[in-house]
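Peer 1: The structure under discussion is supplied below as structure tokens; questions concerning it will follow.
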Amino acid sequence: MRLLRAADLCCIFLTILAVLPRGELQAAEPLHVQIDRLIEAAAGEVPLAPRSGDAEFVRRAYLDLAGRIPTAAETRRFLEDSAADKRAQLTAGLLQSPEHPRRMEELFHAMLMERRGENEEWSKFLRLAFEQNLPWHRVAAAVLNPDADSEQLRGAAYFLTGRLVSEGAMAPVDVPGLTRDVGRLFAGIDLQCAQCHDHLTIPHYHQQHFQGLNLIFENVKTRRDVKFPAVAESVMKEKKEFKSVFGTEASFTGPVVPGGEEVAIMTFEKGEEFAVPPDSKTRFPGKPKFSPLSELAGGLASPENSLFARNIANRLWFVMLGRGLVEPLDLIHADNPASHPELLDLLARELAAHDYDIRWFLQELALTETWQRTSVLAGRETPPLTSYAVALEKRISPEQLFWSLGVATGEFDALRAERDAKAEGKPEAKPKQPAAAEEQTAEIPVPRSELEQLVAGSTSLKTLQKTVIDTFANPAKEPEVDFAPTVKAALYLMHDEAVQKLVSRRKGNLVDRLAGMEETAAVVDELFLSVLSRLPSAEEKTALVSYLDENTDRRDDALSNTVWALLTSTGFVVNH
Amino acid sequence: MKHAHCNTSAHQVSRRRVLGTMAGGAAGLSLGALGGIVHPAVGEQLKQKEKQVVLLWLDGGMSQLESWDPKPGTPYGGPFRSISTALPGVHVSELMPQTAKLMDRISLVRSMKTEDPNHSSGVPKILRGHPKNRGVTYPYMGSAVAKLMGPTASNLPPYVWIKPGSGGFISKYAGFLGAKYGALALGDGKPPENLVRPESISERNANERRNLQQLLNERYAARHRPDWNEANSYVYDVADTLMKNTKLFDESLLPDRDRQRYGTHDFGRHTLLARNLLEAGVRFVQVTSYGWDTHGDNFNAHASRVPKVDQAYSALIEDLYDRGMMDHVLVIMMAEFGRTPRVNGSVGRDHWPNAWSMATAGTGIKPGVVVGRTLDDGTDVATEPYDIGAMFHTWYHALGIDSKEVEFMNGTQPLPVAHDDMEPIRELLV
């Protein structure tokens, strides 16, 4: 792990001095204070909305940091807590909870693989990385230059192998697509148009940037001699020739690191090119001494690379705040400025200086007033999105939706009750989950939270999880950034049998719990706390109490209908 | 405030635009699909007010030399002959005998000249009208029409795409317009999954659920920006509308005669469904036929495929004509480019955006016009060449939209609906 050098500290200090109002020399302020100051200054005349209410806050915090809504009990506990620093305590606690790494694994899996497929080794790699809060540049380096010898890291190769696939005769292996994704996801630059010529509208994306990166991946192939995802490089001997479709002159390039330099190709005497020679018996393809992937990883996944730093800062800001400082997230360049350029620079610098510590960064974001602001519009006046004067709505991922559906409907409670009943009936049988659940294939155990173990032990929940994700995810290769409800998803929620079961009465679930309550007003409160993580408004309470009271002869149906309505309302399916 | 257990359909009627006599509910309009049950008076109003589009897309690039612009007896002409048509002096490939008889009802452009020889970039360019680059992603024509004209009074989804393979909602076709204007894709023309309400949910429960949901959404809408709530509510409205129209997708209800006329192959079935969707009031229907990229064995492939297109296309033109729909439906058939006159080593033709053809007919289009011509050997356009932008101008004008004036608004950024520097092809317009 890279240590902070004195030079870096000086750099940071001087930079912090630079952003302070002139004439005021202060000790370096926490990042979250600086963030708020920059946001507020940029908002100018636009009035800033007040802080979110506690109910708004607790739901947002759980979704963002634990990847699910809070249970009714968790919500109640937070609402009733009178500690002055309860918000900071909550977010700190969530970041340290076993659910946070699961949330981050799911988030980065969707971000990096864009629904191309699943792989156990990849999942293990991601999960362990977030369990250990591995610095982002170490994560990225493992992806860009996979280490087949490390059991923990080798699954990272799936990012490459999952893309180095042929989809039939009409769709051969798409190396340019892989090149483009590396640029987009790790450097925040979409070089697609620069494949055939210098970018027509973005003067800073040159054809050489694309070709120099593409050449690295043209030199990579999937290894067939091992069972886990793995790649091998061939010996690179010379630069690559390329031509613009607009020109006739040829140019040459070696490997180019985005945001960095062209790498000189090292050549060797014949027979001396391999660090580990190929082995025809084991079909090991060999490991060349000159490794462009290693050069790429070293040059790109580095605190020195400003594109790399800005990209991750922008993407994490997007996750928490609902909009990138640069939009789209993969089009960072001089003519597409950030909405808050100074802020983006600050975030990038700080992240790099803190060794790309994602958990620390998320904590800082969670401490800002900006993140805590309410998303409720006071009057008719809607402030511009980029002002952050009102909190932005955020898309709920398919994974967040699945966990939240399970929590909201009490399905997990019902399953626990079922499982415990079974265990009681057989005193000799051991309870299903051991202290640390182990993956069958791995030697390094992958920690799985209690909820994940519940799902793993239930066929119906496993199926539900898969179906929810399939129904709500985008088609492969389409980033899930915009809110895009589909008719397919609406019909699924309306008519699918498994969903109907969730909202029907079942021992231990929400409808069951509500059916056992006497007072209708209390039922409505419990309903709202369980599904929408808040109490009902006076109007909502009146309407729903009267609906339930007018249908006492078909109470179960009325309860199911109400649960369904809350679950499919915008207030549930959006993170606000 | 609504009562939670009010009957939903009564509420919906008051919210929908309903034509005069059909106060019984939107459901009545949609049954017009099968056998023309639409009340004649309503049909009249529909015709006058509601223009529609059907786009038949021949993905991969149909060869103009084996269809609209044959050159028999020339070095590149290939083995097929040409036949005369209902238009004196105009010939098409012998592979299109049915269409030949109806040539006086359609029009051709033989002088298409576009720039992109690639599928992956070329297809979106053509479908977007390839306007001037302004750094935004323009919508596909279906999404553009969905935005500019909205759904018809039927309230069916305005952009429906019938295709082989899988279905789903393709939001990215909407470009900067926003996901709501994407295409509802029907895989193999099948209805979306979960379209039919299961027995376990009574109609009463279904109605109460929707009413309660709308109650909650109203409160959300009052406290937040409108867009996300609208998007979320919209898909349920579309679901409701589709549920009222499940008969549209029931192939067993189709007269056998129709099925035989259009052909029982994929393109025939899908074009017949397109006709039904048009009758029911879908604003923009797109049908895709794949497999036209004949780099090898071009002649056998076209011998097999073109007659199927001929069969379905001519049946569609005939039906639209017979039903009096030609005066409000715009019909387009095209691809991303044509094919090379030169035959390659695999007896195939490669991509040729330099000189290709397309056909158009219906509302606003003067029938029986052939725009431009190619050289005798087909290698280039001999008259004024037209890019796809010119066609978009032409089509928008045919639909009653002044494409030189009307603009999209992308936030605060005004954007022309078609290429600034191009014009409609006047000789094609009525």
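Peer 1: Report relative contact order for segment B:319-383 in percent, whole number only (criteria: Cα-Cα under 8 Å, sequence separation at least 6). Write out the running numbers ahead of the final one.
Peer 2: On the way: 83 pairs, mean separation 20.7, N = 65.
Relative contact order, segment B:319-383: 32 percent.
Peer 1: Using the structure shown, select from B:Lys147/B:Lys247; B:Lys172/B:Lys404; B:Lys163/B:Lys308 the pairs with a Cα to Cα distance greater than 21 angstrom. The partial results should precede the final answer.
Peer 2: Working: B:Lys147/B:Lys247 27 Å; B:Lys172/B:Lys404 25 Å; B:Lys163/B:Lys308 15 Å.
Over 21 Å Cα-Cα: B:Lys147/B:Lys247; B:Lys172/B:Lys404.
Peer 1: Once the dipole of segment B:301-349 is set up with Lys and Arg at +1 and Asp and Glu at -1 on Cβ about the Cα centre, which of B:Gln311, B:Gly324, B:Phe337 lies farthest towards its positive end?
Peer 2: It is B:Phe337, whose Cα lies furthest towards the positive end.
Peer 1: For segment B:189-347, take every pair of Cα atoms, bin their distances at 5 Å starting from 0, and report each bin as a whole percent.
Peer 2: The calculated distribution, bin by bin, is 1, 7, 13, 14, 13, 12, 11, 9, 9, 5, 3, 2, 1, 0.
Peer 1: What fraction of the Cα pairs in chain A, stated in percent, has a spacing above 36 angstrom? Mind showing how you got there, number by number?
Peer 2: Values: 69892 of 165600 pairs.
Beyond 36 Å sits 42 percent of the P(r) for chain A.
Peer 1: Cα-Cα pairs above 16 Å in segment B:346-404: how many percent? Mind dumping the intermediate values first?
Peer 2: Working: 944 of 1711 pairs.
In whole percent, the long-distance tail amounts to 55.
Peer 1: Assuming a ≥ b ≥ c are the square roots of the Cα gyration tensor eigenvalues, decide whether chain B counts as rounded (a/c under 1.5), prolate (otherwise, with a/b larger than b/c) or oblate. Mind showing how you got there, number by number?
Peer 2: Numbers: a/c = 2.04, a/b = 1.67, b/c = 1.22.
Since a/c reaches 1.5 and a/b is larger than b/c, the shape of chain B is classed as prolate.
Peer 1: Take every Cα pair under 8 Å in segment B:218-299 that's 6+ residues apart, average their separations, divide by the length, and report that relative contact order as a whole percent.
Peer 2: Working: 27 pairs, mean separation 13.6, N = 82.
Taking the mean separation of contacting Cα pairs over the length of segment B:218-299, I get 17 percent.
Peer 1: What Kirkwood hydrodynamic radius, in Å, does segment A:339-421 give when the mean of 1/r is taken over all pairs of distinct Cα atoms and then inverted?
Peer 2: Taking the inverse mean of 1/r over all distinct Cα pairs, segment A:339-421 comes out at 16.5 Å.
Peer 1: Right, next: Calculate the spin-label point distance for A:Gln132 paired with A:Ala92, positioning each point 7 Å from the Cα along the beta-carbon direction, and give it in nanometres.
Peer 2: Using points 7 Å along Cα→Cβ, the separation is 2.6 nm.
Peer 1: Can you give the three extents of the C-alpha atoms in segment B:183-223 along their principal axes, from longest to shortest, in whole Å?
Peer 2: Rounded to whole Å, the extents work out to 41, 29, 8 Å.
Peer 1: So which trypsin sites (Lys or Arg not before Pro) in segment A:267-374 pass both tests, a DSSP loop state and at most 15 other Cβ atoms within 10 Å of the Cβ?
Peer 2: Counting only loop positions with at most 15 other Cβ atoms within 10 Å, the trypsin sites (Lys or Arg not before Pro) in segment A:267-374 are A:Lys270, A:Lys281, A:Arg283, A:Lys289.
Peer 1: Classify the protein assembly as shown as rounded, prolate or oblate, taking a ≥ b ≥ c as the square roots of the eigenvalues of its Cα gyration tensor: rounded when a/c is under 1.5, otherwise prolate if a/b is larger than b/c and oblate if not. Spell out each step's value before the answer.
Peer 2: Working: a/c = 1.76, a/b = 1.19, b/c = 1.48.
Verdict is oblate for the protein assembly as shown.
Peer 1: What helices does chain B have that are whole DSSP H segments, at least 20 Å long along their own axis by Cα, and with mean Kyte-Doolittle hydropathy of -0.5 or more? Please report the intermediate quantities before stating the final value.
Peer 2: Numbers: long enough: B:203-223 (31 Å, -1.83); B:226-243 (25 Å, -0.55); B:266-280 (21 Å, -0.15); B:298-322 (34 Å, -0.46).
Flagged H segments are B:266-280, B:298-322.
Peer 1: Within the protein assembly as shown, what percent of beta bridges assigned by DSSP are antiparallel, to the nearest 5?
Peer 2: 65
Peer 1: Please state, as a whole number in µm²/s, the translational diffusion coefficient that the Stokes-Einstein equation yields for segment A:123-162 at 20 °C and 1.002 mPa s, with Rh defined as the Kirkwood radius across alpha carbon pairs.
Peer 2: Values: Rh = 9.8 Å.
Result for D is 219 µm²/s.
Peer 1: Related question: Starting from segment A:98-158, pick out the trypsin sites (Lys or Arg not before Pro) whose DSSP state is loop and whose Cβ has at most 15 other Cβ atoms within 10 Å.
Peer 2: On the way: sites: A:Arg102, A:Arg103, A:Arg115, A:Arg116, A:Lys124, A:Arg127, A:Arg138, A:Arg154; in loops: A:Arg115, A:Arg116.
Taking segment A:98-158 and a limit of 15 other Cβ atoms within 10 Å, the loop trypsin sites (Lys or Arg not before Pro) found are A:Arg116.
Peer 1: Nearest 20 debye, what's the magnitude of the dipole of segment B:247-387 about its Cα centre given +1 on Lys and Arg Cβ and -1 on Asp and Glu Cβ? Can you show the working numbers first?
Peer 2: On the way: 15 positive and 20 negative charges, 51 e Å.
With Lys and Arg at +1 and Asp and Glu at -1, about 240 debye.
Peer 1: If a/c stays under 1.5 just call it rounded; otherwise compare a/b with b/c (prolate if a/b is bigger, oblate if not). Do that for segment B:128-269, with a ≥ b ≥ c from the square roots of the Cα gyration tensor eigenvalues.
Peer 2: Because a/c hits 1.5 or more and a/b fails to exceed b/c, segment B:128-269 counts as oblate.
Peer 1: Report the FRET efficiency, 1/(1 + (r/R0)^6), for B:Asp256 and B:Arg204, where r is their Cβ-Cβ distance and R0 is 41 Å, rounded to 0.05. Before the final figure, lay out each step's value.
Peer 2: Numbers: r = 38 Å, r/R0 = 0.93.
It comes to 0.60.
Peer 1: To continue, here is another question. Looking only at Cα atoms, what is the convex hull volume of segment A:452-563 per residue, in Å³? Walk me through the numbers before you get to the answer.
Peer 2: Numbers: hull volume 16.5 nm³, N = 112.
About 147 Å³ per residue, rounded to a whole number.
Peer 1: Could you give P(r) for segment A:230-381, binned at 5 Å from zero, as whole percent values over all Cα-Cα pairs?
Peer 2: Values per bin, smallest distances first: 2, 8, 12, 13, 13, 12, 11, 10, 8, 5, 4, 2, 1, 1, 0, 0.
Peer 1: Please state the charge dipole magnitude for the protein assembly as shown, taken about the Cα centre, from unit charges on C-beta atoms (+1 on K and R, -1 on D and E), reported in debye and rounded to the nearest 20.
Peer 2: On the way: 112 positive and 131 negative charges, 327 e Å.
Computed charge dipole of the protein assembly as shown: roughly 1560 debye.
Peer 1: Something else now. Which whole-number percentage describes the relative contact order of chain A, with Cα contacts under 8 Å and a sequence gap of 6 or more?
Peer 2: Details: 823 pairs, mean separation 100.2, N = 576.
Rounded, it is 17 percent for chain A.
Peer 1: Which value in Å is the Kirkwood Rh of segment B:112-179 over different Cα pairs? Can you show the working numbers first?
Peer 2: Details: mean 1/r = 0.0748 Å⁻¹.
For segment B:112-179, inverting the mean 1/r across all distinct Cα pairs yields 13.4 Å.
Peer 1: What's the average, rounded to a whole number, of partner chain beta-carbon atoms within 10 Å of each residue's beta-carbon in B:189-199? Walk me through the numbers on the way to the answer.
Peer 2: Working: counts 0, 0, 1, 6, 6, 13, 4, 2, 3, 5, 0.
Mean shielding by partner chains, rounded to a whole number: 4.
Peer 1: Further question: Rounded to the nearest 500 deg cm²/dmol, what is the calculated helix-only ellipticity per residue at 222 nm for chain A, with -39500 (n - 2.57) per DSSP H run of length n ≥ 4? Please report the intermediate quantities before stating the final value.
Peer 2: Working: 27 runs with 278 residues, N = 576.
Helix-only estimate at 222 nm: -14500 deg cm²/dmol.
Peer 1: Cα-based count: Lys pairs in segment A:452-576 below 20 Å, eight or more positions apart or different chains?
Peer 2: Working: A:Lys462/A:Lys501; A:Lys462/A:Lys507; A:Lys466/A:Lys477; A:Lys466/A:Lys488; A:Lys466/A:Lys501; A:Lys477/A:Lys488; A:Lys488/A:Lys501.
Within segment A:452-576, the lysine pair count is 7.
Peer 1: Choose one of A:Phe528, A:His100, A:Pro47: the residue whose Cα lies farthest towards the positive end of the charge dipole of chain A (beta-carbon charges +1 Lys, Arg; -1 Asp, Glu; about the Cα centre).
Peer 2: A:His100
Peer 1: Moving to a separate point now. Quick check: pseudo-label points 7 Å beyond the Cα along Cα→Cβ at B:Ser84 and A:Val545, how many nm apart are they?
Peer 2: About 8.7 nm, to one decimal.
Peer 1: Which GluC sites (Glu not before Pro) does segment A:111-146 hold that lie in a coil by DSSP with at most 16 other beta carbons within 10 Å? Walk me through the numbers on the way to the answer.
Peer 2: On the way: sites: A:Glu114, A:Glu118, A:Glu120, A:Glu121, A:Glu131; in loops: A:Glu114, A:Glu118.
Filter output for segment A:111-146: A:Glu118.
Quick note: the coordinates plus some simple rules give every number you see, no bench work behind them. A quick note: this is a predicted structure, and the numbers were derived from the prediction, not measured. Note that each Cβ is placed from the backbone with ideal geometry, even for glycine, and that neighbours are counted across all protein chains shown.
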